[in-house]
Amino acid sequence: MISAALARAHHLLNQDMLGYLDTVELLTNEDDTDDETVLAVARTEVPRLVAALRATVATHKADTSGQCPACRTTWPCAVIDSAHAYLKEPDSIYSA
């Protein structure tokens, strides 16, 4: 069991990441957002999101024994499986 302080820190980190993603999604999907704003957000945030995903994939790369060193499970781990599934079928995230 984790402490209340650590649980709160996890909650705040999760909310910060989800808030960022919500903002990017909102600014690129809203009908009332002008094309210049969408383009500006896409140019700055898509590379950041790609870098984040690449770093996540690198962290979960199989070691020489076929294990994910981050998850300590057989590769592909759940993180790689999920990322791959969501990239191949983006709408699947909403049915998960």
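For region 27-45, name all the residues that are open to solvent by 80 Å² or more (accessible area, probe 1.4 Å) and closer than 19 Å to Y86 by Cβ.
N29 - this is the single residue of region 27-45 that is open to solvent by 80 Å² or more (accessible area, probe 1.4 Å) and closer than 19 Å to Y86 by Cβ.
List the pairs whose first member sits in region 70-96 and is more than 17 Å from E25 (Cβ to Cβ), whose second member is in a helix (DSSP H, G or I) and open to solvent by 80 Å² or more (accessible area, probe 1.4 Å), and whose Cβ atoms are under 9 Å apart, counting only residues at least 6 apart or on separate chains?
Within 9 Å, the pairs are P76/H84; S82/I93; A85/I93.
Results for (1) outside any helix (DSSP H, G or I); (2) more than 13 Å from the chain's Cα centre (by Cα), shown as yes or no for each residue.
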| position | (1), (2) |
| --- | --- |
| G19 | no, no |
| L39 | no, yes |
| A42 | no, yes |
| V50 | no, no |
| L53 | no, no |
| A58 | no, yes |
| K61 | yes, yes |
| V79 | no, no |
| A85 | no, no |
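Taking the options T64, T59, T37, T74, name whichever one is over 16 Å from L21 (Cβ atoms) and in contact with a Leu (Cβ under 9 Å, 6 or more places away or on another chain).
Working: T64 fails: in contact with a Leu (Cβ under 9 Å, 6 or more places away or on another chain); T59 fails: in contact with a Leu (Cβ under 9 Å, 6 or more places away or on another chain); T74 fails: in contact with a Leu (Cβ under 9 Å, 6 or more places away or on another chain).
Just a single option satisfies the conditions, and that option is T37.
Out of all the residues in region 77-96, which are at pLDDT below 95, more than 16 Å from L21 (Cα to Cα) and surrounded by 13 or more Cβ atoms within 10 Å (Cβ to Cβ)?
Those that are at pLDDT below 95, more than 16 Å from L21 (Cα to Cα) and surrounded by 13 or more Cβ atoms within 10 Å (Cβ to Cβ): S82, A85.
I'm told S65 meets every condition in (1) assigned to a helix (DSSP H, G or I); (2) closer than 26 Å to D81 by Cα; (3) not acidic (D, E) except one. Can you identify the failing condition by its number?
Here S65 clears every test but (1).
The values are calculated or read from the model by the stated rules, or taken from the named source; none is laboratory data. Here the structure is a predicted model, which is why all the values come from computation and not from measurement. Backbone-built Cβ (ideal geometry, glycine too); neighbour counts: all protein chains shown. What goes into the accessible areas is simple: the full protein's heavy atoms, side chains included, and nothing from ligands, DNA or RNA. Shrake-Rupley method; radii C 1.70, N 1.55, O 1.52, S 1.80 Å.
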